[in-house]
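The values are calculated or read from the model by the stated rules, or taken from the named source; none is laboratory data. Computed from a predicted structure; not experimentally measured. Positions of Cβ are generated from backbone atoms using ideal geometry, with glycine treated the same way; all protein chains shown enter the neighbour counts. Accessible surface areas use protein heavy atoms only, side chains included; no ligands, DNA or RNA. Shrake-Rupley method; radii C 1.70, N 1.55, O 1.52, S 1.80 Å.
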Amino acid sequence: MKSNTRRAIDLAGFEAKFRAGPDPWQTFTARDEAIKRHRILRALGNGPIARILELGSGNGSNSQALARRALKLQACDGSASATQLTRQALANAPHAQAWQIELPAHLPGHRFEAVVIAELLYYLDHRAMQRLAGDVTKALAPGARLVLAHHQIEFPDNTQRTAGIHERFIGMLGRPVKLARRFRRQRWRVDGYRC
């Protein structure tokens, strides 16, 4: 008899993936990932941004692009190997820092003019996502941008279903937000909100 039990990946699983190779999902090299990265930047709006917080930086493939838009970038990941890869990716960006933080957790720095969360939310259970939403709400400066970028296909190792993940997170923020930009492709979606 086949089991329908999902086997969610945990932090140790992510650590193992990044130890096995620096680009387990080809985020640096895949064309579709480059398109998604460009849409994340567009969702941030125009011009430079004083402070950007990136949650779930992985190997730093998005971090490099975000560093070019930020006067100060704080990139965070829970995996030690991923954090080290992000530091390497940001080696030529002295205004950018990578932190190892197992989310949800107290977020670094002050308030941010933009928060970017990519490919993270569906790996958190409901309670952890709710706590992260509260932490993000506190970290957002008035009028800040919030960018959410997630796949729209189901994976066997995520904790929550991908369908509706952005709406569930936005509903947990406890503050009014306005959708400013939305980009969709067959596999993923990028939403930019004004908070």
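What to note about this one:
- In segment 46-61 there is at least one residue that is open to solvent by 80 Å² or more (accessible area, probe 1.4 Å) and not aromatic (Phe, Trp, Tyr).
To keep it simple, each residue is scored yes or no on (1) open to solvent by less than 20 Å² (accessible area, probe 1.4 Å); (2) of a type in the set (Ser, Thr, Tyr); (3) more than 16 Å from the chain's Cα centre (by Cα); (4) farther than 25 Å from ALA16 by Cα.
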residue	(1), (2), (3), (4)
THR86	yes, yes, no, no
PRO94	no, no, yes, yes
TRP99	no, no, no, no
PRO104	no, no, no, no
HIS110	no, no, yes, yes
MET129	yes, no, no, no
GLU167	no, no, no, yes
ILE170	no, no, no, yes
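- Within segment 134-165, being more than 21 Å from GLY13 (Cβ to Cβ) and either open to solvent by 50 Å² or more (accessible area, probe 1.4 Å) or not hydrophobic (A, V, I, L, M, F, W, C) (or both) holds for GLY134, ASP135, THR137, LYS138, PRO142, GLY143, ARG145, GLN152, ALA163, GLY164.
- ALA114 fulfils the conditions (1) more than 27 Å from GLU154 (Cα to Cα); (2) buried (at least 19 other Cβ atoms within 10 Å of the Cβ); (3) touching a His at 6+ places or on another chain (Cβ under 9 Å); (4) among the aliphatic types (A, V, I, L, M) except for a single criterion, (3).
- ALA89 passes every criterion in (1) out of contact with any strand residue (DSSP E or B) (no Cβ under 7 Å at 6 or more places or on another chain); (2) closer than 18 Å to LEU41 by Cα; (3) touching a residue at least 60 places away in the same chain (Cβ under 8 Å) apart from (3).
- Only residues that are among the small types (Gly, Ala, Ser) and buried (at least 24 other Cβ atoms within 10 Å of the Cβ) were counted in segment 62-77, giving 3.
- Screening GLN26 with (1) surrounded by 15 or more Cβ atoms within 10 Å (Cβ to Cβ); (2) in contact with a helix residue (DSSP H, G or I) (Cβ under 8 Å, 6 or more places away or on another chain); (3) not in a strand (DSSP E or B) gives one miss only, at (1).
Residue by residue, here is whether (1) among the small types (Gly, Ala, Ser); (2) under 17 Å from ASN62 (Cβ atoms); (3) outside any helix (DSSP H, G or I); (4) touching a strand residue (DSSP E or B) at 6+ places or on another chain (Cβ under 6 Å) holds:
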| position | (1), (2), (3), (4) |
| --- | --- |
| ARG127 | no, no, no, no |
| LYS138 | no, no, no, no |
| LEU148 | no, yes, yes, yes |
| ASP157 | no, no, yes, no |
| ARG161 | no, no, yes, no |
| ARG168 | no, no, no, no |
| GLY171 | yes, no, no, no |
| ASP191 | no, yes, yes, yes |
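- Residue in segment 175-183 that is crowded, with 18+ Cβ neighbours inside 10 Å and in contact with a helix residue (DSSP H, G or I) (Cβ under 9 Å, 6 or more places away or on another chain) present: no
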